[in-house]
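Here the structure comes first, spelled out in structure tokens, and everything after it is commentary.
The values are calculated or read from the model by the stated rules, or taken from the named source; none is laboratory data. Only a predicted model underlies this, so the values are computations on that prediction, with no experimental measurement involved. Positions of Cβ are backbone-derived with ideal geometry, glycine not excepted, and every protein chain shown enters the neighbour counts.
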Amino acid sequence: MSTLEIRDLHVCVDTEAGAKEILSGVDLTIRSGETHAIMGPNGSGKSTLAYSIAGHPKYRITSGTVTLDGRDLLAMTIDERARAGLFLAMQYPVEVPGVSVSNFLRTAKTAIDGQAPKLRTWVKDVNAAMKRVSMDTDFAQRSVNEGFSGGEKKRHEIVQLELLNPRFAILDETDSGLDIDALRVVSDGVNRFSGQGDRGLLLITHYTRILRYIKPDYVHVFVAGRIAEQGGPDLADQLEAEGYDKYSRPAAGQIVGVGAEPA
């Protein structure tokens, strides 16, 4: 069993007015086989958490730790974190002109495994993964995300997730901009990944609609750069009914915890 552990994480960004703290002491433990959902209003720091773990240089970690099976992720370069078993699906996947999807995926797989997959087998694997997300296999010869629709970009990320098969995946608002059909296809891909039973998943979202397809074991409410409440799947239904308003009131400045984080 693997464990991704975040302890008292503080993160800031540099602005014209000086350093601004975005994360204010995040504690979270994700074990293999678990699905965690982080929900919260815009600007609460959810994406900052994702990018900080992955190693985005914009976000400066001022204190705290992030470890994967006891190894210090924060001491690793971005590519070392990926090779250690970490995967990030971005809310807004970037375009990479001039690099085909097939070459991009094969290069990433080679870097993670330490050897290149056999070309004939690899082509079959890529095509099969694309078909599972209802993506035309012609996309394998196109530049990464260039001219892709929002749904096509998200399907491509699920192809990456399946082929690279990391130990822990962080999905930053994967449901953003998806129509109902694409949402089902993407959710099915995520469920295939987590259904292996020994993979950890951190799903960041605003809305409960994706949680109708991907069932979390734990739900965490993220407000003002920290976890304000945590519980089981029922907490997502409560948020759908009541919104986040109560967490933004002055009296809600302390963690209320409706269920202990798994020890």
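Overview of results
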{"read-out": "Test result for Val101, in contact with a Lys or Arg (Cβ under 7 Å, 6 or more places away or on another chain) and among the hydrophobic types (A, V, I, L, M, F, W, C)", "value": "yes"}
{"read-out": "Candidates Ala116, Ala89, filtered to the one that is without any contact (Cβ under 8 Å) to a residue 12 or more places away in the chain and either under 29 Å from Gly243 (Cβ atoms) or not acidic (Asp, Glu) (or both)", "value": "Ala116"}
{"read-out": "Breaking point among (1) surrounded by fewer than 23 Cβ atoms within 10 Å (Cβ to Cβ); (2) farther than 20 Å from Thr29 by Cβ, for Ile158", "value": "(1)"}
{"read-out": "One residue from Gly85, Gly98 being at positive phi and surrounded by fewer than 17 Cβ atoms within 10 Å (Cβ to Cβ)", "value": "Gly98"}
{"read-out": "Hits in the range 61-72 - residues which are in contact with a helix residue (DSSP H, G or I) (Cβ under 9 Å, 6 or more places away or on another chain) and either over 20 Å from Ala111 (Cα atoms) or in contact (Cβ under 8 Å) with a residue 24 or more places away in the chain (or both)", "value": "Ile61, Gly64, Thr65, Val66, Thr67, Leu68, Asp69"}
{"read-out": "Exclusive hit being hydroxyl-bearing (Ser, Thr, Tyr) and either at pLDDT below 95 or under 22 Å from Asp198 (Cα atoms) (or both), set Ser63, Ser102, Ser143", "value": "Ser102"}
{"read-out": "Any hit, the range 145-153, residues being surrounded by 16 or more Cβ atoms within 10 Å (Cβ to Cβ) and part of a loop (DSSP other than H, G, I, E, B)", "value": "yes"}
{"read-out": "Answer from Ala111, Ala116 - the residue that is under 17 Å from Val96 (Cβ atoms) and of a type in the set (Gly, Ala, Ser)", "value": "Ala111"}
{"read-out": "Filtered residues of the range 161-204 (kept if more than 23 Å from Pro41 (Cβ to Cβ) and of a type in the set (D, E, K, R))", "value": "Glu162, Arg167, Asp179, Asp181, Arg184, Asp188, Arg192, Asp198, Arg199"}
{"read-out": "Within the range 210-228, tally of residues that are more than 20 Å from Gly64 (Cα to Cα) and either among the charged types (D, E, K, R) or without any contact (Cβ under 8 Å) to a residue 12 or more places away in the chain (or both)", "value": "3"}
